[in-house]
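Here is the structure we will look at.
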Amino acid sequence: MLILVGSRVPELITGALLIETVFSWPGIASATVEAATSVDFPLLAALTVLATVAVFAGNLLSDLLYGLADPRAGFDG
């Protein structure tokens, strides 16, 4: 279950992108769409890096929590 939470972070980001675009809510996802449509490459690159860091952090957190929850899974590799 914990592994699935970490792998669902990209779906959360994509879902936020869709919801903010459809309902015209201000947020990071709508800023991404505006940056892509107005060809604002520096902002688009920064938001892409932010989304990538969020995915990596979610996966790292789920791996660490799984290691704590299941003592058979060790941290030694």
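The values are calculated or read from the model by the stated rules, or taken from the named source; none is laboratory data. Computed from a prediction, not measured in an experiment: that's the story for all the values here. Reconstructed Cβ throughout: ideal geometry from the backbone, glycine too, with neighbour counts over all protein chains shown.
Some values worked out for this structure:
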item	result
Failed item, numbered, when LEU17 is tested on (1) surrounded by 13 or more Cβ atoms within 10 Å (Cβ to Cβ); (2) at pLDDT 80 or above; (3) under 18 Å from the mean Cα position of the chain (by Cα)	(2)
Qualifying residue in the range 34-45 (condition: under 22 Å from GLY6 (Cα atoms), among the hydrophobic types (A, V, I, L, M, F, W, C) and out of contact with any His (no Cβ under 8 Å at 6 or more places or on another chain))	no
Matching option when the condition is of a type in the set (Gly, Ala, Ser), without any contact (Cβ under 8 Å) to a residue 12 or more places away in the chain and surrounded by 13 or more Cβ atoms within 10 Å (Cβ to Cβ), among ALA54, ALA46	ALA46
